[in-house]
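Structure record follows, encoded as structure tokens.
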Amino acid sequence: MFHRHPFLSLLTFAYLGFVGLVTLTPASEQPDYSALAARVIARLERYPDLDPLTVRLSVERVEFLANIALFVPVGVFVLLLFGSRLWWLAVAGSVALTAAIETAQRSVPGRVSDPRDVVANSIGALIGVVLAMVLTLPGTLRRRRSRRSLTHA
């Protein structure tokens, strides 16, 4: 799998390194993401047209959405590496990865393991897998038609 897609493999490992950096670095060495989320909400509140959105936003919701967004590329990369036939393995692998990260966070100073993060990350990975399947569907269908025409010829 990795030898067939060396650039994709490199990109995947680089992104997983970024995820590790964001999720497994001691809290004292991390930016204050809660303060960043609060600043984003404050900035959005400046625009009256966005009131229906900003009324529902909180720091916790922004962090939840950020966790979803962080794992969408994980789902995309893992599906592209495994292939669309093994979509279920891409989902299971992504969920296992987020569970492993949350387990590892228990031993990282200042980090808090939260089951909601597993849910958010899993939702993000699932969105990524579905997105990758939709984007690769035309090529998958083309390959199936080509294989079918070769076997019937």
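General remarks:
- For the chain, the 222 nm mean residue ellipticity estimated from helices alone, with every DSSP H stretch of n ≥ 4 adding -39500 (n - 2.57) and the total spread over all residues, rounds to -26000 deg cm²/dmol.
- Kirkwood hydrodynamic radius of segment 1-40, Cα pairs, Å: 12.1
- Assigned charges on the beta-carbon of Lys, Arg, Asp, Glu; segment 110-153 dipole about Cα centre (debye): 500
- Global geometry of segment 71-153, whether rounded, prolate or oblate, following the gyration tensor of its Cα atoms and the 1.5 cut on a/c: prolate
- Two tests apply to each whole DSSP H helix in the chain, Cα reach of 15 Å or more along its axis and mean Kyte-Doolittle hydropathy of at least 1.0, and the ones passing both are 6-24, 33-44, 59-82, 87-105.
- Residue (of Pro138, Phe77, Gly110) at the positive-pole extreme of segment 72-143, dipole from beta-carbon charges: Pro138
- Of the chymotrypsin sites (Phe, Trp or Tyr not before Pro) found in segment 1-100, the ones in coil according to DSSP and having at most 12 other Cβ atoms within 10 Å of their Cβ are Phe2.
- Förster radius 30 Å - calculated FRET efficiency between Arg116 and Arg148 (Cβ-Cβ, nearest 0.05): 0.10
- Linear extension gain, Leu131 paired with Arg56, 0.36 nm per residue minus alpha-carbon span: 24.4 nm
- Mean projected area (nm²) of the alpha-carbon convex hull when segment 33-90 is viewed from all directions: 5.3
- The length gained on full extension between Ala14 and Ser34, counted as 0.36 nm times the residue separation minus their Cα-Cα distance, comes to 4.7 nm.
- Radius of gyration over Kirkwood radius for segment 1-105, both on Cα atoms: the Rg/Rh ratio is 1.07.
- Max mean-square fluctuation residue, GNM over the chain, Cα-Cα springs under 10 Å, options Leu50, Leu137, Leu81: Leu50
- In a simple Cβ point-charge model (Lys, Arg +1; Asp, Glu -1; nothing else charged), the chain has a dipole of about 1160 debye relative to its Cα centre.
- Selected from Gly124, Gly83, Gly110 as most flexible by GNM, with the chain as the system and alpha-carbon contacts under 10 Å: Gly110
- Exposure proxy order (Cβ contacts within 10 Å, fewest to most) of Glu29, Glu45: Glu29, Glu45
Taken together, the values in this text are just the output of simple stated rules run on the coordinates, not laboratory data. Keep in mind it's a predicted model, so treat the numbers as computed, not measured. Cβ coordinates were reconstructed from backbone atoms using ideal geometry, including for glycine residues, and neighbour counts include every protein chain displayed.
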